[in-house]
Amino acid sequence: DQQVKQNSPSLSVQEGRISILNCDYTNSMFDYFLWYKKYPAEGPTFLISISSIKDKNEDGRFTVFLNKSAKHLSLHIVPSQPGDSAVYFCAASELKLIFGQGTTLQVKP
Amino acid sequence: KAGVTQTPRYLIKTRGQQVTLSCSPISGHRSVSWYQQTPGQGLQFLFEYFSETQRNKGNFPGRFSGRQFSNSRSEMNVSTLELGDSALYLCASSLAAGGPDTQYFGPGTRLTVL
């Protein structure tokens, strides 16, 4: 049973535009959510996180939104850059991290 | 500060063999978690160790085991390898165990089972 789902396996956007990556979860006990970025042949690197008591967190070009009633979070990247092309994983925390399947983002120049 | 290191980076084994993977966490980190990544499945949690004790375990068969040493280095072992065990195995370290503490990942060990 997949408790954290990323329903879009891939996303393609133009450089300078907004990238929106989505993540849904089923367990209302999750208290913390994180986004990781992964380049080929490297391990995931932490990008941004949000506590369940907040609905938005910003860090430069990256903003994460949390909608607890819909059990949905999203990552916005504005403006998107070619170097952002990678696989993005969302993760939820409940004693351990549970990851989604990942979304491959391609930013075209 | 050096990051998380994993050895070996690549490994090829045949069915029925066993394999041991190693992970050295960031200095000062006492928690080490292991994950299996396969295409379309994301990162599946294997187990977490903190202060040499297994704190949490995922839904993997008993062929997958691990341990942690007093210096926080960790090893995971897979016995009686199956073709489906081919995957990228990632370890991550953090200061504390369980919960939202940010985990820092190593580059992974790519295991291929023939």
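The values are calculated or read from the model by the stated rules, or taken from the named source; none is laboratory data. Computed from a prediction, not measured in an experiment: that's the story for all the values here. Counting neighbours? That spans all protein chains shown, and the Cβs are built from the backbone with ideal geometry, glycine included.
Annotations
- Of residues in region A:87-99 being more than 12 Å from A:Leu21 (Cα to Cα) and not hydroxyl-bearing (Ser, Thr, Tyr), the one nearest to the chain's Cα centre (by Cα): A:Ala91
- Region A:1-17 residues that are within 14 Å of another protein chain (Cβ to nearest Cβ), paired with ones that are surrounded by 15 or more Cβ atoms within 10 Å (Cβ to Cβ) and of a type in the set (A, V, I, L, M) (beta carbon under 8 Å, 6 or more apart): A:Gln3/A:Ala92; A:Gln3/A:Ile98; A:Val4/A:Ala91; A:Val4/A:Ala92; A:Val4/A:Ile98; A:Gln6/A:Leu21; A:Ser8/A:Leu21; A:Ser10/A:Leu105
- Selected residue (only one of B:Asp85, B:Asp101 is more than 19 Å from B:Gly42 (Cβ to Cβ) and either within 11 Å of chain A (Cβ to nearest Cβ) or among the charged types (D, E, K, R) (or both)): B:Asp101
Conditions (1) closer than 19 Å to B:Phe64 by Cβ; (2) out of contact with any Ser or Thr (no Cβ under 8 Å at 6 or more places or on another chain), marked per residue:
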position: B:Gly3; (1), (2): no, yes
position: B:Gln6; (1), (2): yes, no
position: B:Gly16; (1), (2): yes, no
position: B:Ser24; (1), (2): no, no
position: B:Ser31; (1), (2): yes, no
position: B:Trp34; (1), (2): yes, no
position: B:Gly40; (1), (2): no, yes
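- Residue in region A:79-87 that is in contact (Cβ under 8 Å) with a residue 12 or more places away in the chain, under 22 Å from B:Thr38 (Cβ atoms) and within 13 Å of another protein chain (Cβ to nearest Cβ) present: yes
- Summed over region A:30-51, residues that are surrounded by fewer than 17 Cβ atoms within 10 Å (Cβ to Cβ) and over 13 Å from the mean Cα position of the chain (by Cα) total 6.
- Checking B:Ser79, B:Ser94 one by one, the residue that is farther than 13 Å from B:Arg110 by Cα and crowded, with 20+ Cβ neighbours inside 10 Å is B:Ser94 and no other.
- Residues that are buried (at least 22 other Cβ atoms within 10 Å of the Cβ) and within 9 Å of chain A (Cβ to nearest Cβ) within region B:48-61 comprise just one, B:Glu48.
- Boolean, B:Ala96 is part of a loop (DSSP other than H, G, I, E, B) and under 19 Å from A:Glu94 (Cβ atoms): yes
- Residue within region A:29-47 that is touching a Leu at 6+ places or on another chain (Cβ under 7 Å), aliphatic (A, V, I, L, M) and more than 8 Å from chain B (Cβ to nearest Cβ) present: no
- Residue within region A:69-85 that is exposed (fewer than 13 other Cβ atoms within 10 Å of the Cβ), at pLDDT 95 or above and closer than 30 Å to B:Tyr10 by Cβ present: yes
- Residue in region A:97-104 that is surrounded by 15 or more Cβ atoms within 10 Å (Cβ to Cβ) and more than 13 Å from chain B (Cβ to nearest Cβ) present: no
Results for (1) part of a strand (DSSP E or B); (2) touching a Pro at 6+ places or on another chain (Cβ under 8 Å); (3) buried (at least 17 other Cβ atoms within 10 Å of the Cβ), shown as yes or no for each residue.
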| site | (1), (2), (3) |
| --- | --- |
| B:Gln6 | yes, yes, yes |
| B:Thr20 | yes, no, no |
| B:Gly28 | no, no, no |
| B:Leu43 | yes, yes, yes |
| B:Gly66 | yes, no, yes |
